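A short reminder: the numbers here are calculations on the coordinates, not readings from a lab. All values reported here derive from a predicted model rather than from experimental measurement. All Cβ positions, glycine included, derive from the backbone under ideal geometry; neighbour counts span all protein chains shown.
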Amino acid sequence: MSRSLPTRDEAIRILAAKRTRPVRRAPPTAGRSLNKLVRELDGRFGQGPGALQARWREIVGEQIARRTEPVKLTRKRAGSAAALEIRVAGPAAAIIQHQAPEILARVNLFLGEGAVDKLRIVQGPLRAAATPSAARRKPPPLDAAKEAELARGMETVADSPLKAALLALGRGVMRRER
């Protein structure tokens, strides 16, 4: 016994009654929901280890910043001051130890009075030193007149590694005269 197909109106009524609802999405995680708020608050009040690293050179000065970098800021209990851990390159630790009160004063000036009460010094290689420095730019060539003047001065020297070294030296000296 064959069954006849439903009419168009019957098909619409059947589909309307049996259509499934879309699967409900799970609510976003708390971290994802608060991310925008945290970014906004960090922009307004953000003075923590990230701000210290970003502005370390300004806070402690060029000389100290060359030898140190902030590692972490550890808060003890709510309301109490924190301890700042800094990494010091090699033998400079003794010098930095003597400058600890000055460093603490500068950090507290940046973070707020009494924000940091202790400075922990850890010896080790600095991250900034581990990253490759920017490639030095190749100096621009001499203009044609100076190059010709240099070549005239070197006419009497025989072609040799000495002549190449003298030409390089001459170019370096003439570039600095600019």
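If you build a Gaussian network model of the chain, linking Cα atoms that sit under 10 Å apart, which residue out of 14, 59, 103 swings the most?
14
Dipole size in debye (nearest 20) for the chain around its Cα centre, Lys and Arg Cβ +1, Asp and Glu Cβ -1?
For this selection, approximately 1360 debye.
What is the spin-label model distance, in nm, from residue 17 to residue 143 if the labels are put 7 Å beyond Cα along the C-beta direction?
Between residue 17 and residue 143, the label points sit 9.4 nm apart.
If you build a Gaussian network model of the chain, linking Cα atoms that sit under 10 Å apart, which residue out of 39, 120, 55 swings the most?
39
Classify the chain as rounded, prolate or oblate, taking a ≥ b ≥ c as the square roots of the eigenvalues of its Cα gyration tensor: rounded when a/c is under 1.5, otherwise prolate if a/b is larger than b/c and oblate if not.
oblate
Put +1 on the Cβ of each Lys and Arg and -1 on the Cβ of each Asp and Glu in the chain; which of 140, 166, 37 then has its Cα farthest toward the positive end of the dipole?
After comparing all options, I get 37.
Only helical DSSP H runs with n ≥ 4 go in: add -39500 (n - 2.57) per run for the chain, normalise by residue count and round the 222 nm mean residue ellipticity to 500 deg cm²/dmol.
-14500 deg cm²/dmol
So if each residue of separation counts as 0.36 nm, and I subtract the Cα-Cα distance between residue 157 and residue 109, what length gain in nm does that give?
10.9 nm
Return the percentage of antiparallel bridges among DSSP beta bridges fully within the chain, rounded to the nearest 5 %.
Percentage antiparallel, nearest 5: 50.
How charged is the neighbourhood of residue 65? Take every other residue with its Cβ under 15 Å from the Cβ of residue 65, and add Lys/Arg as +1 and Asp/Glu as -1.
+3
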